[in-house]
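The values are calculated or read from the model by the stated rules, or taken from the named source; none is laboratory data. Not measured: the values here are computed from a predicted model. We place every Cβ from the backbone using ideal geometry, glycine too, and count neighbours over all the protein chains shown. Heads up: the accessible areas ignore ligands, DNA and RNA and are worked out on the full protein's heavy atoms, side chains in. Shrake-Rupley method; radii C 1.70, N 1.55, O 1.52, S 1.80 Å.
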Amino acid sequence: MRRILVVGVTGAGKSTLARAVSGRLALPYHELDALYFNGPGWAVNGELAEDVARLAAGPRWVVDSLGYPEVRDLLWDRADTVLWLDYPRRVTMPRVLRRSVRRTVTREVLFGGNRETWKGWLSREHPAWWSWSQHATRRREVEQRLRDPRFAPLGLVRFRHPRDTAAWLSSL
């Protein structure tokens, strides 16, 4: 495990697991949302493909994302391991709701200097709505990728419950 993708639906705990794995294995950690959103108003990085290509070309990394469409194949082609947080909605929804409420109340600064707002909760792009609406789609997409012969060499660790993830992490 030298080039690791941590995948799952919004709120599954990808960033938390990626940071922990990074620390345990002394691998550089990259938060893909921080590369994607690089300015006020949730501005998108116009050089995302180039930035991710440089990152993916490296010999060692952990990235916490399935990958935005424009860089997804690049990351999957270079990864050697996928850690899949395949949790049910009953696990992910309370997590994403708690996180978004905390971020909204505390006005936590996020990627590109942005913040979650109460008004943002009304948008289909809000993490809570996104997690709910994309849960089945993301799961199918990961399953489809893992059946793709191009990605057959990837090591896969699939976690269906947070206690399984915690046990695996403590074994590293």
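Worth pointing out:
- Per the conditions (1) closer than 24 Å to ALA152 by Cβ; (2) open to solvent by 80 Å² or more (accessible area, probe 1.4 Å); (3) over 18 Å from the mean Cα position of the chain (by Cα); (4) not β-branched (Val, Ile, Thr), the sole criterion not satisfied by ALA57 is (2).
- Residue within the range 10-19 that is among the hydrophobic types (A, V, I, L, M, F, W, C), under 25 Å from ALA136 (Cα atoms), modelled with pLDDT of 95 or more and in a helix (DSSP H, G or I) present: yes
- Matching residues, the range 150-164, being among the basic types (Lys, Arg) and either under 23 Å from ARG3 (Cβ atoms) or at pLDDT below 95 (or both): ARG150, ARG158
- The set of residues in the range 99-150 being in contact (Cβ under 8 Å) with a residue 60 or more places away in the chain, small (Gly, Ala, Ser) and either surrounded by fewer than 17 Cβ atoms within 10 Å (Cβ to Cβ) or outside any helix (DSSP H, G or I) (or both) consists of GLY113 alone.
- Here GLY41 meets the list (1) surrounded by fewer than 19 Cβ atoms within 10 Å (Cβ to Cβ); (2) at pLDDT 95 or above; (3) assigned to a helix (DSSP H, G or I) almost entirely, failing just condition (2).
- Members of the range 159-172 that are surrounded by 14 or more Cβ atoms within 10 Å (Cβ to Cβ) and either hydrophobic (A, V, I, L, M, F, W, C) or touching a residue at least 12 places away in the same chain (Cβ under 8 Å) (or both): PHE159, PRO162, THR165, TRP168, LEU169
- Top-ranked residue in the range 69-92 [being open to solvent by 60 Å² or more (accessible area, probe 1.4 Å) and not in a helix (DSSP H, G or I); ranked as nearest to GLN144 (Cα to Cα)]: PRO69
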